[in-house]
Structures are given as structure tokens and as C-alpha cells.
Amino acid sequence: MTRRICLMLALCALLVLGASAAGAQATGYVSPQAALYAFYNAISLHDTLSAWQLWYAAPSSYDAFRAGYANTQYVLPYFGTPAAGAPGTMLVPAVLVSVQTDNTVQAYIGCYTTINPGAGWLIQSGSFRQFAAVTPDAATVSVLLSIFLFLRHQVAMFFRLEHSCLLHVQ
């Protein structure tokens, strides 16, 4: 009996340690926006490991990712209406207002591509540009998100770029 308990505890320990050592990917979310809100909630809580795990394929090493958010106090995300992208993906326009640890503000506009590989939505990629060093008001955010979707649709029809974000950050 004691031997069985010890074996079960050892097996559980191996499973837990193996999963954490491998950096298991987070379970996906029920919607693209839910995955993105979870991402920015983790960033604002300084839980960069949970945020990093919300990427379908991490954009960088964990250390580089964590360093990229080292001066971020919190982020206020605003998401527009998702639009279909390539099969299994959704494009989500966003305005991001980032408050740094020195209380300066950086505002960005861009687009996330989210993917549902079968277990829920995760982040596939993002493309953003800074547009202000102040917090935009609600009306500005609303107009930006509306214009972004309209322009993306018009550009996509003109250039037949149906599965890409409007902005491309190099």
C-alpha cells in the first residue's frame, strides 16, 4: 500500500515537473477577444509567463518577451470587431494604451491575428504602430477602430490581400 502511494506521488511529480519544464502552452479561449483580454490581464498583473504562453508560437524567447514588458505598468486594450482571416484565424483590430513604470503613456493601433488550432483561440501574430504619447478618449478609440476595419476591407479588396492586417510593422 505504501509502495503504491509512493509510486503514485512520484508519477504525479514527474507529470507536474515535466509539464512546467516544457512550458506547456496555455489552453485556448472561447473567443479571440477573450484570449487577448487574458493576455493583457496577465501583462498588467506582471505574469509574463502566462501571457507568453497565450501565443500559438512564441514570437521570441521567454527572456526576451519578459524584458520587452519590464517597464510596463499596465495596458488598457480596446478591441474592435473581429474579421475572418485565413482559414481558422480571426483578425482583431486593437488600440492599446500602455502606461509605463515612469507613468508615461504610449498608445498603439494595429491588429492581432488569432488562431484556433482546435483547442480554443490563441494569439498568432500582432502588428502595431505607436500613434500617440497620451491617452486617447473613448470617441477617438471608437473612430480609430471603425476606420481601421473599413480601410482594411477597402485595401484588401483593392489589392486582394484578404488575409493580412492593414498595418505592417517592420
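The values are calculated or read from the model by the stated rules, or taken from the named source; none is laboratory data. Worth saying up front: this structure is predicted, and the values here are computed from it rather than measured. No Cβ is skipped: glycine too gets one built from the backbone with ideal geometry, and neighbour counts run over all protein chains shown. Remember, those area values only see protein heavy atoms, side chains included, never the ligands or the DNA or RNA. Shrake-Rupley method; radii C 1.70, N 1.55, O 1.52, S 1.80 Å.
Considering the stretch 81-130 at the alpha-carbon level, its Rg and Dmax are found to be 13.3, 42 Å. V105 versus A64, label points 7 Å from Cα toward the beta carbon: distance in nm? With each label placed 7 Å out from Cα toward Cβ, I get 3.1 nm. Using 0.36 nm per residue of separation minus the Cα-Cα distance, give me the extension gain between A132 and A57 in nm, one decimal. Answer, rounded to one decimal: 24.1 nm.
Going 7 Å from the Cα of A119 in the Cα-to-Cβ direction, what parts of the stretch 45-60 have a backbone nitrogen less than 13 Å from that spot? Only 53-57 fall inside the zone, counting backbone N under 13 Å.
Contact order, relative form, for the stretch 31-128: 27 percent (alpha carbon pairs under 8 Å, 6 or more residues apart, mean separation divided by residue count).
R66 exposes around 110 Å² of accessible area when a 1.4 Å probe is run over every protein chain in place. Panel note: the C-alpha atoms of the stretch 31-132, placed on their principal axes, show extents of 41, 27, 19 Å (largest first).
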